[in-house]
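The structure appears below as structure tokens.
The values are calculated or read from the model by the stated rules, or taken from the named source; none is laboratory data. Because the structure is predicted, anything quoted here is derived from the model rather than measured. As a convention, Cβ positions derive from the backbone with ideal geometry for all residues, glycine included, and neighbour counts pool all protein chains shown.
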Amino acid sequence: MKTVYQDNLFDCLFIWFFSEKMSKVVGKKSKLAGYEGLVDLSVQIMRGRNAKQQQETLATVLRSLIPSYVLLGIRTLFDPTQRILEWNAWFASRMFTWLVGPCDLKDVEVVGDNGQRRTQRSGIHIQKCRYLEESGCVGMCVNMCKLPTQDFFAKEFGFPLTLTPNFEDMSCEMVFGHPAPPIEEEPIYNQPCLSGECRIAQPDAPACPQVRNV
């Protein structure tokens, strides 16, 4: 059963703001309202663009959300220490529920700069990703969320991040402090389309064509 969300005023404002940034990239607004409109804009970004172009377009949207001087200040003043990564996970788990749904903080094991393993509370368990559930698309999850988000935090903030979606229950694990491996080395690279969920699914393809559409 599809999750029903009761967006409050702040949720609606964030959805509207993000949709406005996406519509500027697309060059037109969606005819749909609210969160459905946001996902519709994602579909429009996918059309006519290969995987790399989709990722680059979403990266442009993400950079437009935060002033460049703020990003520069964060990169300059904050090293990815355990405390900073834990604080960032706490912040993200509370500020982005409008986008991905309810989240839980969790302890994770990461490898520090000294090569030593340590346990820290910089993991986020997304119970059931709202974006994935609404879109039902593996390619959209990879190209419009996972890869650009990982890249954005690594390059713009200087914080290593790995997202690992689970297409069985639509949950997702985020780990701040763990550098993302190449997509070709992850199981998601061979993930077939979600035939019962995705509107552009190709059931006969061994893996989602949008992920490998380069």
Could you please tell me which pairs satisfy a Cβ distance under 6 Å, a separation of 6+ or placement on different chains, a first residue in the range 178-203 that is β-branched (Val, Ile, Thr), and a second residue that is surrounded by 12 or more Cβ atoms within 10 Å (Cβ to Cβ)? Ile183/Tyr189
Name the residue that is surrounded by the fewest Cβ atoms within 10 Å (Cβ to Cβ), counting only residues in the range 19-29 that are at pLDDT below 95 and either within 17 Å of the chain's Cα centre (by Cα) or assigned to a loop (DSSP other than H, G, I, E, B) (or both). Gly27
Pick from Leu99, Leu62, Leu71, Leu9: which is surrounded by 15 or more Cβ atoms within 10 Å (Cβ to Cβ) and at pLDDT 95 or above? Leu99
Residue, nearest to Pro148 (Cα to Cα), within the range 30-42, restricted to residues that are surrounded by fewer than 17 Cβ atoms within 10 Å (Cβ to Cβ) and touching a residue at least 12 places away in the same chain (Cβ under 8 Å): Glu36
Would you confirm whether any residue within the range 74-85 is at pLDDT 90 or above, surrounded by 17 or more Cβ atoms within 10 Å (Cβ to Cβ) and under 27 Å from Leu9 (Cα atoms)? no
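Quick check on this structure: which one of Leu77, Leu32 is more than 24 Å from Cys129 (Cα to Cα) and aliphatic (A, V, I, L, M)?
Values: Leu32 fails: more than 24 Å from Cys129 (Cα to Cα).
From the options Leu77, Leu32, the qualifying one is Leu77.
Restrict the check to the range 120-133 and report whether at least one residue is part of a loop (DSSP other than H, G, I, E, B), in contact (Cβ under 8 Å) with a residue 40 or more places away in the chain, within 12 Å of the chain's Cα centre (by Cα) and over 19 Å from Asn190 (Cα atoms).
Within the range 120-133, the subset part of a loop (DSSP other than H, G, I, E, B) is 127-129.
Subsequent filtering for residues that are in contact (Cβ under 8 Å) with a residue 40 or more places away in the chain retains 127-129.
Cutting the leftovers down to within 12 Å of the chain's Cα centre (by Cα) gives us 129.
So of that shortlist, the ones also over 19 Å from Asn190 (Cα atoms) come out as 129.
Within the range 120-133, one or more residues are part of a loop (DSSP other than H, G, I, E, B), in contact (Cβ under 8 Å) with a residue 40 or more places away in the chain, within 12 Å of the chain's Cα centre (by Cα) and over 19 Å from Asn190 (Cα atoms).
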Enumeration of residues in the range 69-118 that are under 17 Å from Leu163 (Cβ atoms), assigned to a loop (DSSP other than H, G, I, E, B) and either among the small types (Gly, Ala, Ser) or under 19 Å from the mean Cα position of the chain (by Cα) (or both): Phe96, Gly101, Pro102
